[in-house]
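Trainee: Please find one structure pasted underneath; my questions will follow.
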Amino acid sequence: MASTWIWRGSYDRLEKIAYNEKKPLISGERGGQPLFAEPWTEVKAGDAVLAWSDARMIDCSRFNGAWVLNVNGRIAGQKPLNEKLRIWKRAGLCGGPPLESERIFRVSVVNLEPVEMLRIDAAGKMMHGKPLLPEGTGGWPEDPALRRVARTAAAALYALGLDIGEAEVSLGGDGRTAVREAWPKLRDTRLEAAALRRFAAWHDAARTGTAGRQLLIGADPEFVLVTKEGKIASASRFFGAGVGGAAGSDALLVGRRLLYPVAELRPEPAKDPAALAANLRRLLQRAADRISDPALRWAAGAMPVPGLALGGHIHLSGAPLTGRLLRLLDSFAAFPLALVEDPAGRARRPRYGTLGDFRQQPHGGFEYRTLPSWLVSPAAAKAAFALVLLCAREEQHLSYIPALDERYVEAYYSGDRSELAGCLEGVAESLSATASFTDLAPYIEPLLEAARRGTTWDERADIRIKWRLPI
C-alpha cells in the first residue's frame, strides 16, 4: 500500500510532511527550505490536508477525497467569543454554576488528542511547574481531573469544527470543567511542526496497519425495567450491581447513593449487522430468563422514563479514530436516528447524546457514545450497526458532512426535525453512492424511509414485542 501523507500550507501552496524512521523531515528540502507541490495535483484519497485561507472557505472537492483538517478554521477564527460560548453551552461544555477555586489550563490538541497542556494564570501567562503531559510526546495525562480538562479541550475544538487548535479550560475545585476560549491554530510553531510530524507518522501507520484488517462492531445498549405505576425497577435485582460479563446493570449517582437502575447488554462483536443483532437477541433471551417479574415493561430509546437517559453505544475495532470519522458518524448515524427517535428524546441532550462523543478502548478500538438506545427494535438496531459500519468502511469516499453545517447541528440539539430533515436526501445520496451500500441497504433503507415519512419509535412500547421475546 502506498504511503499516506500530511500536506500543510496555504490554500494554493502546500508542502508535504513526511516521516522517516530515523528522523522527522519535510519532504523535498533544498537549502533548508521546503519545496512546494503544485496546487492539489499530488494530493490523493487517504491523505490529510491542513490548508488555510483568510480570504475564502476551503473547497474540499479540490483535494481528491483527502481528509481536510480544520475545514471550518476560517469560520471558527472569526467567531466572537459569545457565539463560541453559545456553541459550547449547547454541547454541555460550559455554563452552570460558577467554578470555585478554579485552575486554568491551555491545551493544544491534534486529532482529538492533547499534545501539550500548560497551567496558566487568569491573564493567560504560563505558570511554572512540571510538565503536565509526557515530555515531547503529548498523550493523555494520568490524573483523572487533568484527563477531564484534556477531554473538554478536545470536545470544545470539535464543536467548532476543528481538528487542530488550542483551548483554555477551567477546572473547578469540585472537578467540573468549563471551556473559556479556543483558537484554530497552535501558538507555538515549533510545537505545531513536531506535533504534525508525529501525526503524519501515526496517520501513515494507521492507514497501512488497517489495510486488509477486518472491521468488527460491538455494542453495549441500555434498557430499563418499568413498573405498572411508571416507576423504575432496579436492574441490579436481576443482574447484580456493577458491570462484568455479557449483561449487567449500570451505575447512577443519585445524591450520595450509588444506584444501578439500568440494564446493559454486551454482546460479542461481529463483522456484520445481522450477526451482531443475533448475538444481542441471545442476550435478551438470557435476560428474560433472569427477570422473573412479568409485570415489568422493558423500555429503551433515548429517555423512556423522564429524567433517565439511555445510550446505545457502538464499538468499532479495525478503524483508526479520527475527527473525520466521528463527524461522519454524527452525520450518517446520529442525525438519521434523531429523526426517528421519540420526541421525548430531545431532553437527553446535551448532557447525553453530545455529537462526537467517544471513548477509546483497551482493545485498540473506540466506542461511539452519541446514539440513544436503538434497542427499541431489531430494525433500529441493525440500521444503527449498518450506518456505523458503512462510515468506517467508506471514510475516504464520503464527502458530504452535514455535521459541519451549523444549521443541522443546531437542529439536532434543539430537536427541530423539519430543519434536520433538510440533510436527509444528501445523506441518502451519499450512502447509496458507496460500494458498501449494496450489502447494507436492507438494514439502512427502512430507517431512511421512516425518517422521510416522519415516523418515530414509541418509547412506551415493550421492546420484547419487536424482539419476539415472551411476555
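Trainee: Just to be sure I understand, how many residues within the stretch 426-466 are of a type in the set (S, T, N, Q) and either surrounded by 15 or more Cβ atoms within 10 Å (Cβ to Cβ) or closer than 30 Å to residue 290 by Cα (or both)?
Mentor: 4
Trainee: Please name all residue pairs, on different chains or six or more residues apart, with Cβ atoms under 7 Å, provided the first residue is in the stretch 225-247 and is over 18 Å from residue 306 (Cβ atoms) and the second residue is modelled with pLDDT under 90 and assigned to a loop (DSSP other than H, G, I, E, B).
Mentor: Taking only residues 6 or more apart or on different chains, the pairs are 238/291.
Trainee: Within the stretch 99-122, does at least one residue satisfy the condition of being touching a strand residue (DSSP E or B) at 6+ places or on another chain (Cβ under 9 Å), free of Cβ contacts under 8 Å to residues at least 40 places away in the same chain, outside the structural domain of residue 400 (by TED's automatic domain parsing) and exposed (fewer than 11 other Cβ atoms within 10 Å of the Cβ)?
Mentor: There is at least one residue in the stretch 99-122 that is touching a strand residue (DSSP E or B) at 6+ places or on another chain (Cβ under 9 Å), free of Cβ contacts under 8 Å to residues at least 40 places away in the same chain, outside the structural domain of residue 400 (by TED's automatic domain parsing) and exposed (fewer than 11 other Cβ atoms within 10 Å of the Cβ).
Trainee: For residue 129, which of the numbered conditions (1) surrounded by fewer than 18 Cβ atoms within 10 Å (Cβ to Cβ); (2) of a type in the set (Gly, Ala, Ser); (3) part of a helix (DSSP H, G or I) fails to hold?
Mentor: For residue 129, the failing item is (3).
Trainee: Further question: Under the condition of being more than 19 Å from the chain's Cα centre (by Cα) and of a type in the set (S, T, N, Q), which residue from the stretch 136-176 is modelled with the lowest pLDDT?
Mentor: 137
Trainee: Would a scan of the stretch 12-22 turn up a residue that is part of a loop (DSSP other than H, G, I, E, B), at pLDDT 65 or above and over 23 Å from the mean Cα position of the chain (by Cα)?
Mentor: Scanning the stretch 12-22 turns up at least one residue that is part of a loop (DSSP other than H, G, I, E, B), at pLDDT 65 or above and over 23 Å from the mean Cα position of the chain (by Cα).
Trainee: Take the residues in the stretch 180-194 that are of a type in the set (A, V, I, L, M) and at pLDDT 90 or above; name whichever of them is surrounded by the fewest Cβ atoms within 10 Å (Cβ to Cβ).
Mentor: Only one residue fits best here, namely 186.
Trainee: Okay, next question. Only one residue in 104, 75, 58 is part of a strand (DSSP E or B), among the hydrophobic types (A, V, I, L, M, F, W, C) and out of contact with any helix residue (DSSP H, G or I) (no Cβ under 7 Å at 6 or more places or on another chain). Which one?
Mentor: Within the list 104, 75, 58, the selection yields 104.
Trainee: Right, here's the next one. Criterion first (surrounded by 15 or more Cβ atoms within 10 Å (Cβ to Cβ), within 30 Å of residue 230 (Cβ to Cβ) and at pLDDT below 95) does residue 469 satisfy it?
Mentor: Here the answer is yes, as residue 469 does meet what is asked.
Each row is one residue, and each column tells you yes or no for (1) basic (Lys, Arg); (2) at pLDDT below 95; (3) crowded, with 17+ Cβ neighbours inside 10 Å; (4) farther than 25 Å from residue 470 by Cβ.
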| residue | (1), (2), (3), (4) |
| --- | --- |
| 250 | no, yes, yes, no |
| 258 | no, yes, no, yes |
| 265 | no, yes, yes, no |
| 272 | no, no, yes, yes |
| 276 | no, no, yes, no |
| 290 | yes, yes, no, no |
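Trainee: While we're on this one: Against the condition in contact with a helix residue (DSSP H, G or I) (Cβ under 7 Å, 6 or more places away or on another chain), part of a helix (DSSP H, G or I) and in contact (Cβ under 8 Å) with a residue 40 or more places away in the chain, how does residue 316 come out, does it pass?
Mentor: So residue 316 fails the test.
Trainee: While we're on this one: With at pLDDT 90 or above, in contact with a strand residue (DSSP E or B) (Cβ under 9 Å, 6 or more places away or on another chain), crowded, with 19+ Cβ neighbours inside 10 Å and under 29 Å from residue 200 (Cβ atoms) as the only criterion, which of 310, 280, 329, 284 stands out?
Mentor: 329
The rows are residues; the columns are (1) touching an Asp or Glu at 6+ places or on another chain (Cβ under 9 Å); (2) in a loop (DSSP other than H, G, I, E, B); (3) of a type in the set (A, V, I, L, M, F, W, C).
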| residue | (1), (2), (3) |
| --- | --- |
| 428 | yes, no, yes |
| 439 | yes, no, no |
| 442 | no, no, no |
| 451 | no, no, yes |
| 459 | yes, yes, no |
| 470 | no, yes, no |
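Trainee: Among the listed residues 350, 306, 362, 294, which satisfies the condition of being more than 24 Å from residue 426 (Cβ to Cβ) and free of Cβ contacts under 8 Å to residues at least 12 places away in the same chain?
Mentor: 362
Trainee: Let me ask you something else. Determine, yes or no, whether residue 38 is surrounded by fewer than 20 Cβ atoms within 10 Å (Cβ to Cβ), out of contact with any helix residue (DSSP H, G or I) (no Cβ under 6 Å at 6 or more places or on another chain), modelled with pLDDT of 70 or more and of a type in the set (Asp, Glu).
Mentor: Taking the combined requirement at face value, the residue does not satisfy it.
Trainee: For the stretch 344-357, check the following and say yes or no: at least one residue is among the hydrophobic types (A, V, I, L, M, F, W, C), modelled with pLDDT of 95 or more and either in contact with a strand residue (DSSP E or B) (Cβ under 7 Å, 6 or more places away or on another chain) or under 24 Å from residue 467 (Cα atoms) (or both).
Mentor: No: the stretch 344-357 contains no residue that is among the hydrophobic types (A, V, I, L, M, F, W, C), modelled with pLDDT of 95 or more and either in contact with a strand residue (DSSP E or B) (Cβ under 7 Å, 6 or more places away or on another chain) or under 24 Å from residue 467 (Cα atoms) (or both).
The values are calculated or read from the model by the stated rules, or taken from the named source; none is laboratory data. Owing to the predicted nature of the structure, the values given are computational and were not obtained by experimental measurement. Neighbour counts run over all protein chains shown; Cβ positions are idealised from the backbone, glycine included.
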